[in-house]
1. In whole angstrom, how far apart do the alpha carbon centroids of segment 139-198 and segment 95-129 sit?
2. Where does the charge balance sit around VAL218 when Lys and Arg score +1, Asp and Glu -1, over other residues with C-beta under 10 Å from its C-beta?
3. Pairwise over distinct Cα atoms, reciprocal of the mean inverse distance: report the Kirkwood radius of segment 76-234 in Å, one decimal place.
4. Multiplying the sequence separation of VAL208 and GLU139 by 0.36 nm and subtracting their Cα-Cα distance, what value in nm do you get?
5. Any of LYS182/LYS222; LYS119/LYS222; LYS146/LYS182; LYS83/LYS119 with alpha carbons more than 20 Å apart? Name them for me.
6. Of ASN102, GLN207, VAL148, whose Cα points farthest to the positive end of the dipole of segment 76-234 (charges on the beta-carbon: +1 Lys, Arg; -1 Asp, Glu; origin at the Cα centre)?
7. Under a Cβ-only charge scheme (Lys and Arg +1, Asp and Glu -1), can you give me the dipole magnitude of segment 76-234 about the Cα centre, in debye to the nearest 20?
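Just so it is clear, none of the values below were taken in a lab; they were calculated from the coordinates. All values derive from a computational prediction rather than experimental measurement. Here the Cβ is made from the backbone with ideal geometry for all residues, glycine too, and neighbour counts use every protein chain on show.
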Amino acid sequence: MKFKKLIIAFFILIGVLSVIFVGEDLIHDIKNKQEYSNNLEEKPNENSNNSNEESESIYDLDKELDKSDKENNFMEEDIVVEKGFKSTISNGSSDEEIKKNNNLLNESKFSLKERIKAKNVAENFVQAIESFDIEKPKETVELAVKYVADELKPEVEALYMYLGKNQDIKKKVIEEVQSYEKENEYENDYILFDVYVKWNVVDQYDQVANSGRSSYEVKLLKINDKYKVVSYRVI
């Protein structure tokens, strides 16, 4: 009887130990699965952080500053200087130097690049209406109206109504140009420049027969993404 009880107790002990070992394995397995699940959840966060870091690197300070510079700086090859014309436009290593080199106002709602574009048009326009070549009447007129708004074209074309009537004069050429940005007292989108030119008149024998100076106030407005002269007057 005692031997039978010992056998029963032995099997009970084995059963208890089995439950304990199985339970530990189960707990260990559950723990491993939980750690694996946590790792999977952490990986997207790491990718998200990497994505944010890449995004920050794309929009870094240097590129933002470069973008700002592009709004003010200009490429000299973008400046149009017609054949026989002069230009006073020059670049610089800083905003202040560009303003000084190009006689621009210190304060303006327009960027330096926009004012340089307007200055380029103003200088070309005044040189166009102050110069001519009787051997190229069509080209002379086309060059003059190239820089003006449509409403102003008839007025500019009329300037050349008597071109070539005086056979003693062959052409009028530009020797010098200067331009200065002028303060606009009104809150509008016009840019103003005073433009001064020095010219020579060449006679039929290709000799300088006369010389002089002319000056104009030119008002410009951006039309269809290009600056055009909308009005001008002698000063």
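1. 17 Å
2. +1
3. 16.4 Å
4. So the extension gain works out to 22.6 nm.
5. LYS146/LYS182
6. Checking the options against the dipole of segment 76-234, the answer is GLN207.
7. Charge dipole of segment 76-234: 260 debye, to the nearest 20.
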